[in-house]
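Here the structure comes first, spelled out in structure tokens, and everything after it is commentary.
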Amino acid sequence: MKRDQRGSALLIVLWACTLLAILVGSYALVARVEVLQARYQLAHARARDTAEAALIETIFSLLQAPDPAVPLRTDGAIRHLTREGMDVRISVRDERGKIDLNQAPAGLLQRWLAQAGVKDARDVAAALIAWRSPILTLGQRQRQDARYRAAGADYGPRGAPFASVEELGRIPGLGPATLKLMLPDATLWSGMAVPMPELASARVLAASTGLDPAAAGQAYLARISRPMAITAATAWGAVESVEVSAEARDGVRATLAATVRLQGWSADRAYTVLRWQEDGMP
């Protein structure tokens with residue numbers, strides 16, 4: 001074999017070895033990624049199972065008569081537990097401490113929107129009222145639709161009570177960041193025009209009482225540091241929101257949230273799930 005032919009053959013062998021090394025490295029990387037994915041999915045499944053067990057246990061506790069020695073808080077205070085080697089955080093919020101989208105008056109809605117940083121809170125509150133108010137005439141419907149189209153929306157007001165709290169996101173002027181702040185404080189099931197201060201979050205407390213945000217925050221922190229002034233609502237028909245987060249030592253976390261109506265053991269079902277969310281409350 002001539003010298004230049006030997007050089008070409010060596011070059012081909014080197015290229016082949018390089019390609020083979022790349023292929024082997026690629027397969028090794030894919031295998032590693034798959035192992036990591038499987039490990040994460042297993043850890044997340046364990047965290048989710050732990051969170052679901054704690055959530056069901058909490059609902060079961062709500063269905064029992066409250067124990068005066070260990071009252072179950074329903075004002076949003078966080079309770080810490082350790083289950084299956086995981087840090088479990090549980091909070092229960094009575095819906096009577098939230099803003100009822102179908103009952104709250106315009107002034108309360110405006111203050112609540114302002115607390116969430118909404119610009120033109122008055123106009124957005126008016127749009128919210130218009131969304132839930134019956135539309136009596138065709139002309140009124142056309143005017144409302146025109147306002148929404150001017151705001152860049154391809155839909156108009158519902159003209160009926162809110163059917164879900166997520167529907168709040170269809171009101172012009174509310175962006176994703178704002179909704180993330182507002183949705184945890186929104187409800188459809190309290191039936192109250194004004195929320196109960198002893199069950200309200202700091203933001204709702206500021207909106208409903210007129211306190212400035214700093215004072216409302218201090219009042220909220222002081223309240224959850226003391227025993228509850230009222231006991232858990234166990235009357236049948238009470239609506240409670242339960243949020244549970246389970247986090248493993250490696251940082252894998254699963255979050256479940258459910259809004260349930262308590263119906264009692266004598267009913268066909270002890271409770272009815274009105275809203276269910278996984279891995280993050282909007």
field: Highest average packing first - 116-129, 199-212, 26-39, Cβ atoms within 10 Å
entry: 199-212, 116-129, 26-39
query: Percent antiparallel among DSSP beta bridges with both residues in the chain, to the nearest 5?
result: 95 percent
- line: Relative contact order in percent for the chain (Cα pairs under 8 Å, 6+ apart) equals 25 percent
- prompt: Can you tell which of A53, A150, A16 shows the greatest fluctuation in a Gaussian network model of the chain with Cα springs below 10 Å?
  reply: A16
field: Separation between Cα centres of the stretch 30-59 and the stretch 238-269, rounded to whole Å
entry: 17 Å
message: Could you put R93, R158 in order of accessible surface area, largest first, with the 1.4 Å probe and the full protein assembly present?
response: R158, R93
message: At 1.4 Å probe radius, can you tell me the per residue accessible area of the chain in Å²?
response: 56 Å²
query: Which order do peptides 180-191, 74-85 fall in by mean Cβ count within 10 Å, highest first?
result: 180-191, 74-85
message: Using helices alone, I'd like the mean residue ellipticity at 222 nm for the chain: each DSSP H run of four-plus residues gives -39500 (n - 2.57), total over residue count, nearest 500.
response: -14500 deg cm²/dmol
query: Which FRET efficiency value, to the nearest 0.05, do you get for R275 and R79 by plugging their Cβ-Cβ distance into 1/(1 + (r/R0)^6) with R0 = 30 Å?
result: 0.90
- request: Heavy atoms only, probe 1.4 Å: what % of the accessible area of the chain goes to carbon and sulfur, would you let me know?
  value: 58 percent
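The values are calculated or read from the model by the stated rules, or taken from the named source; none is laboratory data. Only a predicted model underlies this, so the values are computations on that prediction, with no experimental measurement involved. Because the Cβ atoms are built from the backbone with ideal geometry, glycine has one as well, and the counts that use them run over all protein chains shown. Side chains are part of the model used for accessible areas, which takes the heavy atoms of the whole protein and leaves out ligands, DNA and RNA. Shrake-Rupley method; radii C 1.70, N 1.55, O 1.52, S 1.80 Å.
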